[in-house]
Structure formats: structure tokens, C-alpha cells
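Below: the structure, in C-alpha cells.
The values are calculated or read from the model by the stated rules, or taken from the named source; none is laboratory data. Every value quoted in this text rests on a predicted model; they were computed, and no experiment measured them. All Cβ positions, even for glycine, are placed from backbone atoms using ideal geometry, and neighbour counts span all protein chains on display. These accessible areas exclude ligands, DNA and RNA; they are computed on the full protein's heavy atoms, side chains included. Shrake-Rupley method; radii C 1.70, N 1.55, O 1.52, S 1.80 Å.
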Amino acid sequence: KLGAVWRFAPQWSLFAGYARGFRAPPYNDVNIGFTNLAFGYTAISNPDLKSETSDGVEAGVRYAGDTLWFGLSLYDNRYRDFIETLRFVGINDEGLQVFQSQNVADARIRGAELKAGVDFGRLDERLRGWSLRGAVAYAHGQDWTEDRPLDSIDPLRGSIGLAFARERWGAELAGSFAG
């Protein structure tokens, strides 16, 4: 992994990075064997699963002020032998849906993430202790071998939290959302 950060102003920075990745097949993907007759599916092993390699780049901007902070990042990852865990592969002779982890010879995942927060106490002393934070993430995966989307990639996700904190205690109301 190689990265760089450029602080071009006291509260602002740009960042970029490159990463080369390797992942051996997870034990469960190679050795799983599970059938659920009540729900009509089975998961089968794949002893021929290959290791996954990747090349990825990421770039973004961050702001860290006294009252407000945020970060925006964009990424693009390319994979060889991407391991797609428990991919639907068909229906067996017993009428069960069959799932198996498989390699995708050539895949790409790219996306963006935005995180932000505000400390309301910095805006008005009467709101001391109150803060709000949120994040949203989007990713798209593409199987270039079969020219179709990767179903295992997370959908659009978001989270938001309203918090109150003092020196000895605090509480937060948080929600997570997915497309």
C-alpha cells in the first residue's frame, strides 16, 4: 500500500493511494456443505477456488474544522479471480437452489463514500454536547467476464446519528439504511 496526503490549508487535505491486494480463499468457501430443506437451498463447497488479487486506487478530500468535518473519497479496484461468496448457480435435481463460492476471472468494483459531522455546541453554547454525524456509501461491481453486475456488492448505504455527550456519560440515536 502506498499513500500520500497533501495539507494545502490548515483544515483541508487531499489524499490518494494505491494498494495491491491478495486474498486466499476463505476456509468456509472452500469447505462449506449445508442444506436447508425448509427454505429450499443448499450451499456446496468449491475446492478449486483460486486466490484473489487486486489493484486499487483511492482519492479524496477532507475538511476538519472546529464545528464541521467531512470527507469525500472515490475508489476504483480491479480484481483477478475475484472470490464471489455463495453465488447462485442453479437448481439441483431435488429442486433446491444451489449456492457456491466462485471465482470471477475479471472484475471491477468502484464507488464513493461521504462522511460528515457537526458539533452544535461550537455554534451555540446552549447546544453544548449535541452533535450530528452521517455517512453515505455507493458501490458498483461489474463481472467483466460475463458482462453483468456483481450481486454480492453492497447496495447504497447510509447512516445518521444524533448524539449528546458530557464528560462522564453520553447517548446517541443512530440509524442505518440500505437500498
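Where in the range 83-163 are there trypsin sites (Lys or Arg not before Pro) that are in a DSSP coil and have at most 10 other Cβ atoms within 10 angstrom of their Cβ? Display every interim value, and only then the final one.
Values: sites: Arg87, Arg108, Arg110, Lys115, Arg122, Arg126, Arg128, Arg133, Arg157; in loops: Arg128.
Here no loop site has a sparse enough neighbourhood.
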Residue-averaged [θ]222 nm for the chain, counting only DSSP H segments that reach four residues, each worth -39500 (n - 2.57): -500 deg cm²/dmol
Positive minus negative residues near Leu74 (Lys, Arg vs Asp, Glu; Cβ under 10 Å): -2
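Once the other residues with Cβ under 10 Å from the Cβ of Arg23 are scored (Lys, Arg +1; Asp, Glu -1), what is the net sum? Before the final figure, lay out the partial values.
Working: positive: none; negative: Glu52, Asp81.
So the environment of Arg23 carries a net charge of -2.
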Dipole magnitude of the range 98-179, debye to nearest 20 (Cβ charges: Lys/Arg +1, Asp/Glu -1, about Cα centre): 500 debye
Sulfur and carbon atoms: percent of accessible area, the range 65-160 [1.4 Å]: 54 percent
Under 13 Å, Cβ to Cβ, from Lys115 - net charge with Lys/Arg +1 and Asp/Glu -1: +2
Heavy-atom accessible area per residue - the range 40-115, 1.4 Å, Å²: 53 Å²
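Pull out a ≥ b ≥ c, the square roots of the eigenvalues of the alpha-carbon gyration tensor of the range 96-145, then state rounded if a/c is under 1.5, prolate if not and a/b is larger than b/c, and oblate in the remaining case.
Values: a/c = 7.64, a/b = 3.13, b/c = 2.44.
Prolate.
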Karplus-derived HN-Hα couplings along the range 37-45 (A = 6.51, B = -1.76, C = 1.60, θ = phi - 60°), whole Hz, x at Gly and Pro: 5, 4, 9, x, 9, 9, 10, 10, 6
Listed residue (Ser73, Val30, Leu162) projecting farthest to the positive dipole end of the chain, Cβ model: Leu162
Along principal axes, Cα extents of the range 1-122, largest first, whole Å: 64, 34, 20
